[in-house]
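Below: one structure, written as structure tokens.
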Amino acid sequence: MTSRIFVAVMAALLALYLVLVAQLAIRLILVDEPVAKGLGIALFVLPVVGAWALVVEVVFGFRSERLGRMLAAEGELPLAGLPRLPSGRVERTAAEAVFGRYRDEAEAAPGRWESWYRLGIAYDACGDRRRARGAIRQAIALERGSGERRP
């Protein structure tokens with residue numbers, strides 16, 4: 001729950017920043033100087049891209065969290081019994097030792113969102129965030145395409 005509060009606060013601060021930048025951009029566009037108009041137009045792009053990125057990341061977070069809850073309800077969360085650091089993260093060496101199992105599972109069942117989600121969690125525990133996000137995005141796409149909705 002603490003992470004949700006943190007995300008909500010950060011999203012609100014980013015939204016406030018984007019609104020202020022958009023207001024500045026509009027003020028610059030209304031000035032009769034060509035340079036100011038150019039800067040205003042260029043500056044207006046930032047809030048648009050920022051708002052898009054914010055929405056994409058928040059939606060990704062909600063969808064991936066929902067898949068995690070679905071797997072947890074079935075008792076199928078990966079890395080559950082592995083040793084953890086005081087911070088709560090799985091020890092990297094332990095995660096790397098079992099990573100192959102999750103990779104092989106995803107290769108054997110490429111159409112199952114569950115295997116891709118577990119692979120994403122394993123990638124994250126091994127420190128590869130880019131591939132972790134890619135695997136979880138694949139899991140989200142597969143689950144959304146299946147038409148199967150579980151609570």
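The values are calculated or read from the model by the stated rules, or taken from the named source; none is laboratory data. On a predicted model such as this, the values are computed, not experimentally measured, just so you know. FYI the Cβ positions are ideal-geometry reconstructions off the backbone, even for glycines, and counts take in every protein chain you see. We work out accessible area using only protein heavy atoms, side chains counted, and drop any ligands, DNA or RNA first. Shrake-Rupley method; radii C 1.70, N 1.55, O 1.52, S 1.80 Å.
Observations on the structure shown:
Residue-wise test of (1) closer than 21 Å to A139 by Cβ; (2) not hydroxyl-bearing (S, T, Y).
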{"residue": "F62", "(1), (2)": "yes, yes"}
{"residue": "L71", "(1), (2)": "yes, yes"}
{"residue": "G81", "(1), (2)": "no, yes"}
{"residue": "R84", "(1), (2)": "no, yes"}
{"residue": "Y102", "(1), (2)": "yes, no"}
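- Taken together, the residues in the stretch 58-79 that are in contact (Cβ under 8 Å) with a residue 12 or more places away in the chain, aliphatic (A, V, I, L, M) and closer than 30 Å to L13 by Cα amount to 2.
- A search for C-beta distances below 8 Å between a residue of the stretch 88-108 that is in contact (Cβ under 8 Å) with a residue 12 or more places away in the chain and within 11 Å of P78 (Cα to Cα) and any residue that is among the aromatic types (F, W, Y) and buried (at least 16 other Cβ atoms within 10 Å of the Cβ), counting only pairs 6+ apart in sequence or on different chains, returns F99/Y123.
Residue-by-condition table, conditions (1) closer than 30 Å to A11 by Cα; (2) touching a Gly at 6+ places or on another chain (Cβ under 9 Å):
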residue	(1), (2)
G81	no, no
R89	yes, no
T93	no, no
E107	no, no
S115	no, no
G120	yes, yes
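- S146 vs. criteria over 16 Å from the mean Cα position of the chain (by Cα), among the hydroxyl-bearing types (S, T, Y) and either modelled with pLDDT of 85 or more or under 29 Å from A8 (Cβ atoms) (or both): no
- Among the numbered conditions (1) surrounded by fewer than 13 Cβ atoms within 10 Å (Cβ to Cβ); (2) touching a helix residue (DSSP H, G or I) at 6+ places or on another chain (Cβ under 9 Å); (3) at pLDDT 90 or above, the only one that G40 does not meet is (1).
- Conditions (1) open to solvent by 80 Å² or more (accessible area, probe 1.4 Å); (2) assigned to a helix (DSSP H, G or I); (3) farther than 24 Å from R137 by Cα: number failed by M10: (3)
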